[in-house]
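What follows is a set of notes on a single structure, which appears directly below.
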Amino acid sequence: MPRLHCPRCTRPVDHCLCPLIPSLPSRSRVLILQHHSEAKHALNTARLAALGLQNSDLLVGEVFEDLPQRLQQSGYAPYLLFPGDQTQPIAEVASRQALQPVLLVVPDGTWRKARKLLHLNPLLATLPRMALPAGLESRYRLRKAPMAGAVSTIEAIVESLNTLEAPVRFDALLKPFEALIEGQIAAMGEDTYQRNHGQPAGQE
Ligand SMILES: [Zn+2]
């Protein structure tokens, strides 16, 4: 018999994360672009982020036809959250946020897939870029991060919004993510986790 899945968070119904997902307002708007190969992944943190933020959208695909209209949404200044040669520190962007709120455009997926999205949607490459502070480490290492300092999409969004909208905090967004990670660790067994990923989550 197939396992029933929650249509909202897509987790098996006995592991539904919805009670933990907040509904947070934000001044910034978040637009997540998810490569379709990521959509079915068990650790779909982009979806959790989109569900927990009132002012957000998640688009799943490869070529996003209506991107020009979405980037021109009146009142918002779009920034791409992606490394590059000329990135602006978030704190700097935050200081201008009083004038015009930010449309935070977040490509989701492995670095390779995210680069592919940029290639297939050239408009993205024309946006000013914003980078997370250097040295930021993911608290969780279940997915292989090919670059030092790589964090999950939901962690990147929380970090960005915490800086953009300080002193408002968005840590509550991480609650379902933390439960998801704990569930994954329990499922694979603590021994295997430590062997594969070093430090267990929460040991800091
Ligand atoms: Zn659910």
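Placing +1 on each Lys and Arg Cβ and -1 on each Asp and Glu Cβ, with no other charges, gives segment 33-121 a dipole about its Cα centre of roughly 200 debye.
Close amide-amide hydrogen proximity is noted between D108 and L33, Q34, H35, each under 5 Å apart and 5 or more residues distant or on a separate chain (H modeled in the peptide plane; Pro and chain starts excluded). Of the peptides 176-182, 5-11, the order by per-residue mean of other Cβ atoms within 10 Å, starting with the highest, comes out as 176-182, 5-11.
Does segment 59-134 classify as rounded, prolate or oblate by the C-alpha gyration tensor (a ≥ b ≥ c root eigenvalues; a/c under 1.5 gives rounded; else a/b over b/c gives prolate, otherwise oblate)? Don't skip to the end; give the middle numbers.
Numbers: a/c = 2.31, a/b = 1.26, b/c = 1.84.
Verdict is oblate for segment 59-134.
Would you mind putting 42-53, 120-131 in packing order, based on average other-beta-carbon counts within 10 Å, highest first?
Numbers: 42-53: 23.4, 120-131: 16.0.
Most protected by this proxy first, the peptides run 42-53, 120-131.
Restricted to Cα atoms, segment 1-88 shows a radius of gyration and a Dmax of 15.4, 52 angstrom. Note on N55/K113: beta-carbon distance plugged into 1/(1 + (r/R0)^6) with R0 of 25 Å gives a FRET efficiency of 0.50. Spacing of the modelled spin labels on V63 and Q88, each 7 Å from Cα toward Cβ, amounts to 3.1 nm.
Rounded to whole Å, give me the distance from the Cα center of segment 106-126 to that of segment 1-47. Centre-to-centre (Cα) distance: 21 Å.
Per-residue Karplus couplings for segment 86-101, computed as 6.51 cos²θ - 1.76 cosθ + 1.60 with θ equal to phi - 60°, are listed in order as 10, 8, 9, x, 4, 4, 5, 4, 4, 5, 9, 4, 5, 6, 8, x Hz, Gly and Pro entered as x. For segment 56-100, with all protein chains in place and a probe radius of 1.4 Å, 47% of the accessible heavy-atom surface sits on carbon or sulfur. Packing, as the average of other Cβ atoms within 10 Å across residues, places the peptides 16-23, 69-76 in the order 16-23, 69-76, highest first.
Taking label points 7 Å from Cα along the Cα-to-Cβ direction, Q72 and R195 give a separation of 5.7 nm.
The values are calculated or read from the model by the stated rules, or taken from the named source; none is laboratory data. Everything numeric here is computed off the predicted structure, so don't read it as measured data. Glycine also receives a Cβ, built like all others from the backbone with ideal geometry; neighbour counts cover every protein chain displayed. The area values use the complete protein model at the heavy-atom level, side chains included, leaving out ligands, DNA and RNA. Shrake-Rupley method; radii C 1.70, N 1.55, O 1.52, S 1.80 Å.
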